[in-house]
Amino acid sequence: MLTRIFRVLHLIENSLLIAALVTMLAMAVMQIIMRNFMDAGFLWAESFQRILVLWVAILGALVATRERHHINIDALTRFLSSRGRRIVNLVNNVLAGIICAIVAWYSVEFISYEYQDETIAFANVPTWLCQSILPIGFTGMSIRFLVSGFQGIPD
């Protein structure tokens, strides 16, 4: 049952990432064509693309964390025993999880300010809605780092 839930969650993440990337590229191409050949364009397109860059970055980081392809400096761990590597892995993942949890916490506060200010990102879409990927993404990364760290607890 849990495996099926994770599979659906991974499918949603991958689909959102692909949709955001394809939309971002299509909007950029459309803007170029419209500006060069029709002397027109969407006024909100650049703001929309900036938001899509944020979504692609956070969703990409979520996928990288899931696949354990995130940035990892392992210069010292190459010289450690298997047990030593597991200890360092635990510490690194727990610290990364804590840092992501802190960022998620403060991103909720940030979004609440945006909600109170009622700012608009583009085309009557509120800024807080566009930035809602921040706490969602960092919470997901935090959970993944913590789970990954505790899966390799030394014996």
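The values are calculated or read from the model by the stated rules, or taken from the named source; none is laboratory data. Worth saying up front: this structure is predicted, and the values here are computed from it rather than measured. In this analysis, Cβ positions are derived from the backbone assuming ideal geometry, glycine residues included, and neighbour counts consider all displayed protein chains. SASA here: full protein model, heavy atoms, side chains in, ligands and nucleic acids out. Shrake-Rupley method; radii C 1.70, N 1.55, O 1.52, S 1.80 Å.
Mind listing the Cα extents of the range 74-116 along all three principal axes, in Å, largest one first?
52, 15, 6
Can you quote the Å³ per residue value for the convex hull of the Cα atoms in the range 93-137, rounded to an integer?
49
Can you check how the C-alpha radius of gyration of the range 38-91 compares to 2.2 N^0.38 Å, as a plain ratio?
Here the Cα radius of gyration is 2.01 times the empirical estimate.
Of 39, 117, which has the most accessible area with a 1.4 Å probe, and how do the rest follow in descending order?
Result of the area sort, largest leading: 39, 117.
List the GluC sites (Glu not before Pro) in the range 101-155 that DSSP assigns to loop (not H, G, I, E or B) and whose Cβ has at most 16 other Cβ atoms within 10 Å. Which are they?
Counting only loop positions with at most 16 other Cβ atoms within 10 Å, the GluC sites (Glu not before Pro) in the range 101-155 are 118.
Per 5 Å bin from zero, what fraction in whole % of the C-alpha pairs of the range 1-117 is there, up to the bin with the longest pair?
2, 9, 11, 14, 15, 15, 12, 9, 6, 4, 2, 1, 0
If the chain between residue 109 and residue 87 were fully stretched, how many nm would it gain, using 0.36 nm times the residue separation less the Cα-Cα distance?
Extra length available between residue 109 and residue 87 comes to 4.6 nm.
For residue 69, tell me the accessible area in Å² from a 1.4 Å probe, rounded to the nearest 10.
My reading of the accessible area for residue 69 is about 140 Å².
Give me the percent of accessible area attributable to carbon and sulfur for the chain, probe 1.4 angstrom.
69
Note down the net charge around residue 121, summing +1 for each Lys or Arg and -1 for each Asp or Glu among other residues with Cβ under 15 Å from its Cβ.
Taking every Cβ under 15 Å from that of residue 121, the sum is -3.
Taking the Cβ of residue 140 as the centre, find all other residues whose Cβ is under 15 Å away and add up their charges (Lys, Arg: +1; Asp, Glu: -1).
Here the charged neighbours net out to +1.
Grab the DSSP H runs of the chain that are 4 residues or longer, score each as -39,500 (n - 2.57), total them, divide by all residues and round the 222 nm result to the nearest 500 deg cm²/dmol.
For the chain, the value works out to -27000 deg cm²/dmol.
What Kirkwood hydrodynamic radius do you get for the range 61-154 when you take the inverse of the mean 1/r over all pairs of distinct Cα atoms, in Å?
14.8 Å is the Kirkwood radius here.
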